[in-house]
Amino acid sequence: MTRVRNPQLNKNGELIHLLSLERLPSEIVTHILDTATNFVSVNDREVKKVPLLRGKSVFNLFFENSTRTRTTFDIAAKRLSADVFTLDIGRSSTSKGETLLDTVDNLSAMAADLFVVRHSQSGAPYLIAQHVAPHVHVVNAGDGWHSHPTQGLLDMYTIRHYKKDFSNLVVAIVGDVLHSRVARSDIHALKVLGCPEVRVVGPRTLAPAGFESMGTRVFDNLQEGIKGADVVIMLRLQNERMSGALLPSREEYFKTFGLTPEKLRWAKPDAIVMHPGPINRGVEIDSAVADGPQAVILSQVSFGIAVRMAVMAIVAGNSA
């Protein structure tokens with residue numbers, strides 16, 4: 001049987017696009033995290049730049065609204081000394097009927113070297129990666145419900161920073177798992193890095209049993225789900241992706257699955273609390289937890305710059 005080549009890797013097994021954490025070898029994931037460590041210190045320098053992408057053109061194509069991801073990619077590319085162009089999608093030709101690939105072709109003609117793509121349709125970054133010239137690279141900044149690989153990587157970096165080793169961890173992912181590309185990326189990365197127990201926790205309408213096929217344990221009770229956990233990753237309720245009434249109310253959701261200081265005591269005393277943002281205070285997490293000593297949410301944002309620097313530096317350094 002012929003093995004299908006991973007479209008993210010070149011013939012030498014090097015990363016040329018980052019489209020998903022699924023099927024990525026552990027050594028590549030670890031290499032990205034290790035490379036990010038070298039970039040963390042750049043944030044503390046008086047001159048926050050390194051010349052690795054000098055002369056390269058990075059185009060940010062965000063077909064969905066974003067603040068944190070778009071801003072951190074923008075900062076990361078500029079700190080690598082790239083020329084950065086962020087397309088105003090609302091005023092671009094796509095709003096006039098131009099196809100996605102026609103937009104990419106036109107920008108490629110402007111000597112683009114790397115596209116950072118966020119799109120509401122799952123698979124859009126894959127389509128672009130298959131279409132561009134061999135010297136052009138694509139990084140997925142979130143596609144539909146499918147994947148958000150750089151968020152998954154920065155989550156792994158954060159966990160490794162605080163917990164050092166994945167081999168004995170219990171990680172609970174809580175909330176709207178059904179609609180979460182972050183949850184899928186986190187699960188893939190945790191399994192690749194050897195985490196022995198990954199739990200999915202939420203109401204049955206938002207954490208269906210199908211996630212067990214990804215190697216997780218599924219809970220519909222918060223106490224059981226986070227009991228003894230080393231890491232608790234809270235997810236935002238993605239109302240914009242929901243069709244129909246999947247929850248009785250936001251108030252009822254917070255009462256049952258919202259993380260409060262009292263409920264956090266069910267996890268280990270030194271458990272860290274994470275959240276990909278934006279936070280809905282009083283819905284999935286209490287302010288006392290979000291601003292408390294166990295929360296590492298702002299560290300995630302800070303580490304995200306270094307991780308995205310690492311990803312862009314690695315993919316742009318490898319050719320097809």
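The values are calculated or read from the model by the stated rules, or taken from the named source; none is laboratory data. Remember, it's a predicted structure, so these values are computed and weren't measured experimentally. When we count neighbours, we look across all protein chains shown, and the Cβ atoms used for this are built from the backbone with ideal geometry, even at glycine. Ligands, DNA and RNA are stripped out before the accessible areas are found, and what is left, the full protein with its side chains, is counted by its heavy atoms. Shrake-Rupley method; radii C 1.70, N 1.55, O 1.52, S 1.80 Å.
A 1.4 Å probe run over the stretch 263-313, with the rest of the protein chains in place, finds 37 Å² accessible per residue.
Taking a threshold of 30 Å on the Cα-Cα distance, which of the pairs LYS56/LYS163; LYS11/LYS56; LYS56/LYS164; LYS78/LYS268; LYS78/LYS191; LYS49/LYS164 fall above it? Flagged as over cut-off: LYS56/LYS163; LYS56/LYS164; LYS78/LYS268; LYS78/LYS191. Computed from point charges on the beta carbon alone (+1 for Lys and Arg, -1 for Asp and Glu), the dipole magnitude for the stretch 23-142 about its Cα centre is near 260 Debye. Dipole magnitude for the chain: about 320 debye, using +1 per Lys or Arg Cβ and -1 per Asp or Glu Cβ, origin at the Cα centre.
Adding -39500 (n - 2.57) for every DSSP H run of four residues or longer, then dividing by how many residues the chain holds, sets the calculated 222 nm ellipticity at -10500 deg cm²/dmol.
Nonpolar atom fraction for the chain, defined as the carbon and sulfur part of the 1.4 Å probe accessible area, stands at 50 percent. Solvent exposure of the stretch 1-122, expressed per residue, is 55 Å² of accessible area, with all protein chains present and a 1.4 angstrom probe.
Of the residues VAL117, LEU80, VAL132, the one whose Cα sits farthest towards the positive end of the charge dipole of the stretch 51-133 is LEU80 (charges of +1 on Lys and Arg Cβ, -1 on Asp and Glu Cβ, taken about the Cα centre). Among the listed values (1) 5, 22, 27, 22, 14, 7, 2, 0; (2) 6, 27, 34, 23, 9, 1; (3) 6, 31, 40, 21, 2, the one computed from these coordinates for P(r) over Cα pairs in 10 Å bins from 0, in percent is (2). With protein chains left intact and a 1.4 Å probe, residues in the stretch 153-233 average 34 Å² of accessible area per residue. Span-like helix check, the chain: qualifying full DSSP H segments, with Cα axial length of 18 Å or more and mean Kyte-Doolittle of 0.5 or more, are 26-40, 297-316.
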